[in-house]
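To start, the structure under review is shown below, and the notes come after it.
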């Protein structure tokens, strides 16, 4: 067995509440344990499963959704897809769609895992309801794997049905909370690798020596010899227990066994787990089939019944095996009697599994294929027993120790239950079985069991196969539980009677007493038992105390000779209740013979405690014995006759007593049978209720799952809704939702600005609500159109007070199928857009207007310049210069974003055209004064003209020429002085040039100022004076 | 052009160069020029001082609209024409029928329009206005 081939595979099953358990299991799981994990759940096929993603987030191991044929690798996690049945075949996972509604996928998978991998398996059951997994876990344990189930601590499992069912069936090695499982599994995996690896290296000797020690311990404590047990299996079981107890070395474990008798018991239980339980010990079942079953049916017709009881039926395999044999025999009969098989156990959860009758395929491996075909239906993974088997069986809870046994059974099959009970419990149970069987009934025990201690109750039919038959004509010391304690009202001890119906008046009594004392014959009063209750005086003649302990028995005290007759007469009277008499009885008194007459009659009540008066009367006087002999001879015969009579009476009484007794017993039996029958009916109803309960549980599980999913869908929907709501509010778009009747379904908050809607207006037609728009009639029509035709309408609407514009869209509200379910009206505030459009229009018009103006101005400049120019060259220079100056001015103003421009900037701009280095030829001095664009442009033109003139005629026409410009603010006016120097000689011009005229006009009209030209010989001096306030022309840029 | 001689024309235009140009044209046509004035208040003042025979108005006068002047002229029965860079839509409806000339204009056109305006006016206040060319 090479170690790399046999890595551990853990099969983990869970249902409702499993997701959380899986997360807690995998989060701390090391990624190098060498184990592979395969997960099974109960999700139905139509559900999407996010389980691989959820688990993928908890662990670094690769988590895959299993596919058909995938090979299982160590340190990987595989998740079975919903609605599939999964098996492991030669290390590969195989998938088949699950069809049966009651399939047990966890059982199917774990059984196939056990079958394929044997002891290199771990079975783990986590939270879930129902009992899927119990059989699967059993299979793993049987093959020597380790089994775990989720035990509870404060944190789970959410549903404990599944783990509890397996725990109750006794097939779980470790019941742990999930948080403790991971560490144990990791430990186990580590040890497993070591052990498997070193198995070959391990010396066989020490292990088998250890085994011998264990055999001895087992023999001593439980009385069973396991030395003939299969070595491998024994070794595996021992190792599993060592694993559970977390003991590493065998000698330590042996020590543990010596000190802990509980561990011995647990090891013993483990050892008893068989491989499969259908037809366990096939030879025994063959004997049953051949020798026993036919005899059960012998002599029975359709109105009779065959009753079988299987106590300790656990998960039902044994019961169904018997049912198969019974049904097979029934099939051979023409008219079969009614067959009832009562299968009982104390564990309700195992019974639930049994009732379902569904087993994974590996459990049925030992059944012949003929029987499989006839009695089971299903597929190759999981089969369920057919109705004709199932109907024979009634499953119910019952304890052989606590509850009264069944009765009138033909066969009891109790295999591997008795060995779990101690000897004293067996002492009670086996007689109970004896009671429960009909005369000649059969008892079938397990291979390790015997009734040798009760040989008086059972005789062997086939000792080897453990088939026994009830011995009749014994009365088993049946200790019926619960009944022994309750005392019936027992008869109070005798002699405590008081006066019964004997009364007398006081005087009468005194007189009677006297007479009785003096004159009446001796007498006594006795009860039915012959005890004397009353003595008269002078009975000494007839009665004598008996030797030994004092008693009041008349018979014991009566003198010899009286006894026989006394007895006879008493009996007669007791029976007949009539007075009787015997005469001339010879009594020996003091060596003489006295003849006595005896009279007995009943007194007092007849019913309850009858009393009898016995009267002794002497007859004649005593005489000597010799005289008596003659009489005696006569009386001898009479004595013999009397004795014979007595004997006959006695016999008769015995007979009648026996008959009474038998009648009583019959009545008891009959009551018992009635009770039994009621009990069976109740058990039958109980079965049905159990089945319903199972169905309800199954529905409940589904509902639980669906509910969780619905809940998370609802949460998603809530979130989505909340998102939408927030989105709407964020967009600030007024939206109204109308349903197919154009009733308001809902609206966003901004809609309240357009319509007078408040929250209670949901449910009213939109057109009822007052709108603040100016066209209501159109809206109604538009809504109709959209709803009927399904097109979208979009147009601009205006508030009635004109304060806002909206782009209104009316859209059909489409359901997912595409049908129009309602209408959606949205309003997007486009006031800004409208205003911008208007503004844009204004601007465009302004632009147009200004451009026209500008062109006109250019035209005028051109015309004027042309008129004053001497030549085209002149014209060109002057014209282009002006145009350029205008452009520069505009540029300057534009660069200030049409804000204020300072005077020196204006100057500089113009100067630059005339000199590469303005500072050389220009001296500029003055405060920084801002001017609005309109005046700045005007000043620009003015300075240009001045400069152009200077260039043509003045200081700039000569290289040495200089110009100084200074300005200052005085009394609300700016005074600018332009002084040219070092230029050519200055003469007043002959005519005013266009430039001069332009300067004058500009300054006068546009600047509202004055200008004076001073043609000094040294150079032109111009003084410009304009009012200066910082007020702007309202319409800048008109140039 | 006989009707033009000696007429006085009020020129309302705030752009100095254009005012200059119009002034020259009007003078060349034989009229006298009142102004040019560059603000609405200046124009009002002039009107109080003197009664022109006609007027040439630009629409946007230093940021103000010229229409109060137009109204005053209309009240007084003085003909006027509008010379502007704006389109006719910008003229209020009551003055929309007045002679309208868009800049840039041909000098001859302006003069002809002026003559027509004055000629019509001569014929009486009820004669119909003609549209601009």
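The values are calculated or read from the model by the stated rules, or taken from the named source; none is laboratory data. Since we're looking at a predicted model, the values are computed, not measured. Heads up, the Cβs are rebuilt from the backbone with ideal geometry, glycines too, and the neighbour counts pull from every protein chain shown.
Could you list all residues from segment A:839-869 that are more than 14 Å from chain B (Cβ to nearest Cβ) and part of a helix (DSSP H, G or I)?
From segment A:839-869, those more than 14 Å from chain B (Cβ to nearest Cβ) are A:839-840, A:869; that's our starting set.
Listed by number, the residues that qualify are A:839, A:840.
Which members of segment A:306-347 meet the condition of being out of contact with any strand residue (DSSP E or B) (no Cβ under 7 Å at 6 or more places or on another chain), surrounded by fewer than 21 Cβ atoms within 10 Å (Cβ to Cβ) and within 22 Å of residue A:429 (Cα to Cα)? Selection gives A:347 alone. Annotation: residue A:137 fulfils all but one of (1) assigned to a helix (DSSP H, G or I); (2) over 24 Å from residue A:312 (Cα atoms); the unmet one is (2).
All conditions in (1) more than 13 Å from the chain's Cα centre (by Cα); (2) touching a residue at least 40 places away in the same chain (Cβ under 8 Å); (3) within 14 Å of another protein chain (Cβ to nearest Cβ) hold for residue B:50, with the sole exception of (3). If you check A:977, A:1008 for being under 26 Å from residue B:17 (Cβ atoms), in contact with a strand residue (DSSP E or B) (Cβ under 9 Å, 6 or more places away or on another chain) and in a loop (DSSP other than H, G, I, E, B), only one passes: A:1008. Restricting attention to segment A:228-243, does a residue exist that is at pLDDT 85 or above, out of contact with any strand residue (DSSP E or B) (no Cβ under 9 Å at 6 or more places or on another chain), part of a helix (DSSP H, G or I) and farther than 18 Å from residue A:120 by Cα? Looking for residues that are at pLDDT 85 or above, out of contact with any strand residue (DSSP E or B) (no Cβ under 9 Å at 6 or more places or on another chain), part of a helix (DSSP H, G or I) and farther than 18 Å from residue A:120 by Cα, one finds none in segment A:228-243, hence no.
The residues of segment A:890-924 that are modelled with pLDDT of 85 or more, out of contact with any helix residue (DSSP H, G or I) (no Cβ under 9 Å at 6 or more places or on another chain) and not in a helix (DSSP H, G or I) amount to a single one, A:923. Of all residues in segment B:90-106, exactly one satisfies the criterion of being surrounded by fewer than 17 Cβ atoms within 10 Å (Cβ to Cβ) and farther than 17 Å from residue B:68 by Cα, namely B:106. So, of the residues in segment B:17-36 that are away from chain A (no Cβ under 12 Å) and assigned to a strand (DSSP E or B), which turns out to be surrounded by the most Cβ atoms within 10 Å (Cβ to Cβ)? Restricting to residues being away from chain A (no Cβ under 12 Å) and assigned to a strand (DSSP E or B), the top hit is B:34. Could we say that residue A:129 is assigned to a loop (DSSP other than H, G, I, E, B) and within 20 Å of residue A:702 (Cα to Cα) here? Criteria met by residue A:129. Pairing residues of segment A:412-428 that are assigned to a strand (DSSP E or B) with residues that are surrounded by fewer than 21 Cβ atoms within 10 Å (Cβ to Cβ), at Cβ distances under 9 Å and at least 6 apart in sequence or on separate chains, gives A:414/A:429; A:414/A:449.
So in segment B:61-81, with the set limited to residues that are within 13 Å of another protein chain (Cβ to nearest Cβ) and touching a helix residue (DSSP H, G or I) at 6+ places or on another chain (Cβ under 7 Å), which one is modelled with the highest pLDDT? It comes out as B:66.
Would you mind finding the one in A:977, A:932 that is surrounded by fewer than 21 Cβ atoms within 10 Å (Cβ to Cβ) and within 14 Å of another protein chain (Cβ to nearest Cβ)?
Just one listed residue meets the conditions, A:932.
For residues in segment A:993-1019 being crowded, with 19+ Cβ neighbours inside 10 Å and over 19 Å from residue A:885 (Cβ atoms), which is farthest from the other protein chains (Cβ to nearest Cβ)? Of everything passing the filter in segment A:993-1019, A:1019 is farthest from the other protein chains (Cβ to nearest Cβ).
For segment A:798-834, name all the residues that are loosely packed, with under 13 Cβ neighbours inside 10 Å, out of contact with any helix residue (DSSP H, G or I) (no Cβ under 8 Å at 6 or more places or on another chain) and modelled with pLDDT under 85.
Step one: filter segment A:798-834 for residues loosely packed, with under 13 Cβ neighbours inside 10 Å, giving A:800-803, A:815-819, A:832.
The next check asks that each one be out of contact with any helix residue (DSSP H, G or I) (no Cβ under 8 Å at 6 or more places or on another chain); those that pass are A:800-802, A:815-819, A:832.
Across segment A:798-834, the qualifying residues are A:800, A:801, A:802, A:815, A:816, A:817, A:818, A:819.
The single condition among (1) part of a helix (DSSP H, G or I); (2) farther than 21 Å from residue A:984 by Cβ that residue A:945 does not satisfy is (2).
Filtered by the rule that a residue be closer than 12 Å to residue A:317 by Cβ and in a loop (DSSP other than H, G, I, E, B), segment A:335-364 gives a lone residue, A:357. Restricting attention to segment B:82-112, which residues are more than 14 Å from chain A (Cβ to nearest Cβ) and free of Cβ contacts under 8 Å to residues at least 24 places away in the same chain? B:93, B:94, B:96, B:112 - these are the residues of segment B:82-112 that are more than 14 Å from chain A (Cβ to nearest Cβ) and free of Cβ contacts under 8 Å to residues at least 24 places away in the same chain. Hey, any hits in segment A:269-287 for a residue that's surrounded by 15 or more Cβ atoms within 10 Å (Cβ to Cβ), assigned to a helix (DSSP H, G or I), touching a helix residue (DSSP H, G or I) at 6+ places or on another chain (Cβ under 6 Å) and at pLDDT below 85? Checking segment A:269-287: at least one residue is surrounded by 15 or more Cβ atoms within 10 Å (Cβ to Cβ), assigned to a helix (DSSP H, G or I), touching a helix residue (DSSP H, G or I) at 6+ places or on another chain (Cβ under 6 Å) and at pLDDT below 85. Of all the listed residues (B:42, B:14), the sole one being within 14 Å of chain A (Cβ to nearest Cβ) and in a loop (DSSP other than H, G, I, E, B) is B:14. Could you check, for segment A:74-89, whether at least one of its residues is under 18 Å from the mean Cα position of the chain (by Cα) and either assigned to a strand (DSSP E or B) or at negative phi (or both)? The answer is yes; a qualifying residue exists.
Filter segment A:367-401 down to the residues that are assigned to a strand (DSSP E or B) and within 26 Å of residue A:98 (Cα to Cα) and list them by number. Within segment A:367-401, A:376, A:377, A:378, A:382, A:383, A:384, A:385 qualify. Residues in segment A:43-73 that are at pLDDT 85 or above, part of a loop (DSSP other than H, G, I, E, B) and under 19 Å from residue A:124 (Cα atoms): A:58, A:59, A:61, A:66, A:72, A:73. When each of A:112, A:129, A:98 is tested for being in contact with a helix residue (DSSP H, G or I) (Cβ under 7 Å, 6 or more places away or on another chain) and surrounded by 24 or more Cβ atoms within 10 Å (Cβ to Cβ), the lone residue that passes is A:112.
Can you name every residue in segment A:27-51 that is within 24 Å of residue A:92 (Cα to Cα) and more than 19 Å from the chain's Cα centre (by Cα)? Once the filter is applied, which keeps residues that are within 24 Å of residue A:92 (Cα to Cα) and more than 19 Å from the chain's Cα centre (by Cα), segment A:27-51 yields A:29, A:30, A:31, A:32, A:33, A:34, A:35, A:36, A:37, A:38.
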